[in-house]
Amino acid sequence: MADDLSPLGSEIRRLIAATGPMTVAEYMRRCLTDPKHGYYMTRDPLGARGDFTTAPEISQMFGELIGLWLASVWRQMGSPDNVRLIELGPGRATMMLDVLRAVKVVEGFSTAIMLHFVEISPTLQEVQQRRLEPLGVPMLWHKTLEEVPGGPCLILANEFIDALPVHQAIRRGNAWYERVIELSDDDTLHFGMAYDALPHFEAALPRELRQSPEGSVFEWRSDRVALEVGRRVREQGAALILDYGHTDVALGESLQAVVGHAYTDPLAAPGEADLTAHVDFEAIAQIAESIGALIHGPIQQRDLLIELGIEQRAAMLKANASPEKAAEIDLALSRLTAAGTTGMGELFKALAIASPALGALPGFEKSR
């Protein structure tokens, strides 16, 4: 249960009062993308002065290694002279700036790419445009991946899937019910469940989850993005997805809200906090594979970065650095590759989806 004073919270309460309970996915969508009050539509949430920090904001090494990965895959594609470099949710364009700097050493790649950004936030698009325009690389913005022209492509999605709306179902008795947001008697928001059970839901679950205990929660997302990524890369292309989540289909509630780098109640002040949920990498892989794409991974982020040479890159940067700067590099390396269930290197996973013609991809060779 939570109370709030946010404008969007008032709108959501009025809507629920008028039309009935709202699914968790619809609540998440409105909180993040409402045109007037949505979290991503009204602010730049990244960095130390924002609400959360992503890997590219921690160190240039992350984007540089991803850039060289892209250039290597481009060569495996036969070095097409017109390739769409697509980033889903590019944030403050920090990763793309590091990517473009790193690939200058790869002959022909910089002139072969056309940048396409999938971005719904006017605020972040302004930041991206301001930071990237001086580089003179042609670029376009789109609201959805479907709007990007077809053709050879390389797709990046770093901490993008986790912000896509997630549905939740809860087991009660012998049935599963969709979890919803309701109004309590004192007009505050709280979690509830739909009146009618989800038909045939248990039959769609993996066999090992069908005898789940009372109160179990299962989360799922729309197949749309995974299908579109798979469709685009299966002929001539590759996608790299980096995000936090689990590699096997599992039960559990993972919806969380972050404000000022601290966790808060997801129902408190809608539109004022970042809402995310763990990514089900197995589900994404199965969807993309079902339409003919080849799956690489998922593997831990630390394993990918180490295979791509982050330790060697850190040593190179430290060679001419001051003691203070060298300590910063060591700290960044540790943050990006930290083990343990809460460490970024282990909690975050990497999944590549590509054309079967490409064979093994850099950093994923050991996962085959």
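Just so you know, all these numbers are worked out from the coordinates, no wet-lab data involved. Predicted, not measured: the structure shown is a model, and the values here were computed from it. Virtual Cβ from ideal backbone geometry, glycine too; neighbours counted across all protein chains shown.
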**Message:** Please compare each pair in 104/325; 36/349; 143/366 to a cut-off of 29 Å on the Cα-Cα distance and tell me which ones are over it.
**Reply:** 36/349; 143/366
**Asked** Using a Gaussian network model of the chain with C-alpha springs under 10 Å, which one of 123, 337, 276 is most mobile by mean-square fluctuation?
**Response** 123
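In region 85-170, what trypsin sites (Lys or Arg not before Pro) fall in a loop by DSSP, with at most 13 other Cβ atoms inside 10 Å?
Sites meeting the loop and neighbour criteria: 143.
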**Whether region 44-181 is rounded, prolate or oblate, judged on the alpha carbon gyration tensor where a/c under 1.5 counts as rounded** = prolate
**Item:** Prolate/oblate/rounded label for region 170-315 (Cα gyration tensor, a/c 1.5)
**Value:** oblate
**Fill in**
Any aspartates and glutamates whose Cα falls less than 13 Å from that of residue 318, other than same-chain ones fewer than 8 residues away, would be 328, 330
**Request:** Taking only Cα atoms and a 10 Å spring cutoff, compute GNM fluctuations for the chain and point out the largest among 152, 90, 206.
**Result:** 206
**Complete:** region 276-322 and region 120-155 have their Cα centres apart by a whole-number Å value of 23
**Item:** Degrees separating the helix 7-19 axis from the principal Cα axis of the chain, which is the longest one
**Value:** 50
**Fill in**
Of all trypsin sites (Lys or Arg not before Pro) in region 258-364, the ones in DSSP coil with at most 12 other Cβ atoms within 10 Å are none
**Asked** Under the definition of Cα pairs under 8 Å and six or more residues apart, what whole-number percent is the relative contact order of region 206-299?
**Response** 35
**Complete:** Using alpha-carbon positions, the gyration tensor of region 265-368 gives root eigenvalues a ≥ b ≥ c; with a/c under 1.5 called rounded, otherwise prolate if a/b exceeds b/c, else oblate, the class is oblate
**Prompt:** What angle do you read, to the nearest 10 degrees and between 0 and 90, between the alpha-carbon axis of helix 224-236 and the longest principal axis of the chain?
**Reply:** 20
**Message:** What do you get for the angle between helix 60-76 and the principal long axis of the chain? Use alpha-carbon atoms, 0 to 90 degrees, nearest ten.
**Reply:** 70
